[in-house]
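Asker: Handing you a structure now.
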């Protein structure tokens, strides 16, 4: 056993399982029977975990390590890791919740065009998403995951955003502000300026079960409603 | 090149090259913040002591040299630099220090990832590096500053266990209990346990037959032959009867090509 291990025992410090396993991992090779018994007698409360850990270590060592160091592997790993690190650090700086999609797109390092390309949508679809004019229960899972990936957000944050009430940007002349009505994702796709195969793909995507489960049930009155005012005025109007 | 102690010989390490060769340093007192628990290796302390004498411009220059592979660092020293940068919200230093750390640590981590395809290796290494970043940001990276290789090894083993558990979950059968293990009804176990093998021999046989052994037989084999546990201890650990353990070991022996039942410990 290591000197630091003995020190910890003698000082009777409160040791976590993580500390114990990390100290065992500092051994040059998996523990033998004698070493294992010494660790178990020092930390009987972690007996099962210590045995599992030592067993897994031996099992892992029994696997062949046919790895030949390749510069390419290191470069790929470092590039991917640093890209993820930037996302994590950006995420920490940003508001935990997503309230303004267009601002978040910029904060994620995209412009509107690059975001559209990353997600596979056109400007009219993006506008509808930004104004939350799409009924959440009709949104496919792929759209949620693609948005989350492009924004460096979790899928749940994106879902929370899509569940917010609609917020159309269109001007209106009536005295009373009209109640905005959302449309099905399929309706928005059919009106989009996307290539037909891309539209067809969106229309066959499975819906996001999380959005379906938590979206309010469609009321009977919606059958009588008029098409949402923003559908023509804003969703289909390209906006900078 | 200064690097984290290799697990094969943790006491063997070469002092790093002077990290500030040819660079102007402030010769005033340069104290390195102590760790809450444990101590850094002397070589790491020495490297950090020199680091703290550098001004910010030279620190960034050194880190860029590390990223480009022109400067050697102890991995533990880079963990410390990343940690301090994270504490002071110095993103530029954090980016450079963590990139240098990733670049220097990746070969070791790739080597530690055993029994995986190339893509899986890369994923595992990325996972470990991000785990280290998480520890750095949560200010819980003391152990990584003490022994980076052991910190990474512990994570590699945990990932290996998770992967095995997932694979076992796919072929899950009826769970054994204290009172009943369905395998008990299938065959008559031997009266005696197989003779305990020498550890090196057991490891060699295991490596040869790894894919042929079921998870439980493999674990019992390791615990009996490599970790010298008794049949009662192994039985208690797996929550089955000692009779079942004898059967598992017998089957493991059959699979591996060993024969005969002899005395227990």
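The values are calculated or read from the model by the stated rules, or taken from the named source; none is laboratory data. Treat the numbers as computed from the prediction; the structure is a model and nothing was measured. Note that each Cβ is placed from the backbone with ideal geometry, even for glycine, and that neighbours are counted across all protein chains shown.
Asker: Have a look at A:39, A:57 and point out the one that is surrounded by 16 or more Cβ atoms within 10 Å (Cβ to Cβ) and either in contact with a strand residue (DSSP E or B) (Cβ under 9 Å, 6 or more places away or on another chain) or more than 7 Å from every other protein chain (Cβ to nearest Cβ) (or both).
Answerer: It is A:39.
Asker: Somewhere in region B:15-23, is a residue buried (at least 18 other Cβ atoms within 10 Å of the Cβ), at pLDDT below 90 and farther than 26 Å from residue A:27 by Cα?
Answerer: Yes, that holds for at least one residue.
Asker: Only one residue in B:129, B:109, B:96, B:116 is in contact (Cβ under 8 Å) with a residue 24 or more places away in the chain, crowded, with 19+ Cβ neighbours inside 10 Å, over 20 Å from residue A:88 (Cα atoms) and assigned by TED's automatic domain parsing to the domain that holds residue B:153. Which one?
Answerer: Going through B:129, B:109, B:96, B:116 in turn, the sole match is B:109.
Asker: Further, regarding this structure: Would you check which residues across region B:67-103 are modelled with pLDDT under 95, under 20 Å from residue B:41 (Cβ atoms) and within 13 Å of another protein chain (Cβ to nearest Cβ) and list them?
Answerer: none
Asker: If you take the residues of region A:3-36 that are at the interface with chain B (Cβ under 9 Å from one of its Cβ atoms) and in a loop (DSSP other than H, G, I, E, B), which of them is modelled with the lowest pLDDT?
Answerer: Going through the qualifying residues, I end up with A:13.
Asker: Give just the number: which of (1) within 7 Å of another protein chain (Cβ to nearest Cβ); (2) in a helix (DSSP H, G or I); (3) over 16 Å from the mean Cα position of the chain (by Cα) does residue A:84 not satisfy?
Answerer: Status for residue A:84: all satisfied but (3).
Asker: Tell me, which helices (runs of 4 or more DSSP H) wholly within region B:138-254 include 3 or more residues that are at pLDDT below 75 and away from chain A (no Cβ under 12 Å)?
Answerer: B:148-170
Asker: Can you find, within region A:89-114, the residue that is surrounded by the most Cβ atoms within 10 Å (Cβ to Cβ) among those that are free of Cβ contacts under 8 Å to residues at least 12 places away in the same chain and within 14 Å of chain B (Cβ to nearest Cβ)?
Answerer: Across region A:89-114, the extreme among qualifying residues is A:89.
Asker: Right, something else. Any residue at all in region A:181-188 that is out of contact with any helix residue (DSSP H, G or I) (no Cβ under 6 Å at 6 or more places or on another chain), in the same structural domain as residue A:120 (by TED's automatic domain parsing) and either more than 17 Å from residue A:133 (Cβ to Cβ) or at pLDDT below 85 (or both)?
Answerer: Yes - at least one qualifying residue is present in region A:181-188.
Asker: Residue A:76: within 14 Å of chain B (Cβ to nearest Cβ), within 16 Å of the chain's Cα centre (by Cα), closer than 25 Å to residue B:154 by Cβ and crowded, with 16+ Cβ neighbours inside 10 Å, yes or no?
Answerer: no
Asker: I've got another one for you. Which ones in region A:42-51 are assigned to a helix (DSSP H, G or I) and more than 7 Å from chain B (Cβ to nearest Cβ)?
Answerer: Once the filter is applied, which keeps residues that are assigned to a helix (DSSP H, G or I) and more than 7 Å from chain B (Cβ to nearest Cβ), region A:42-51 yields A:42, A:44, A:45, A:46, A:47, A:49, A:50.
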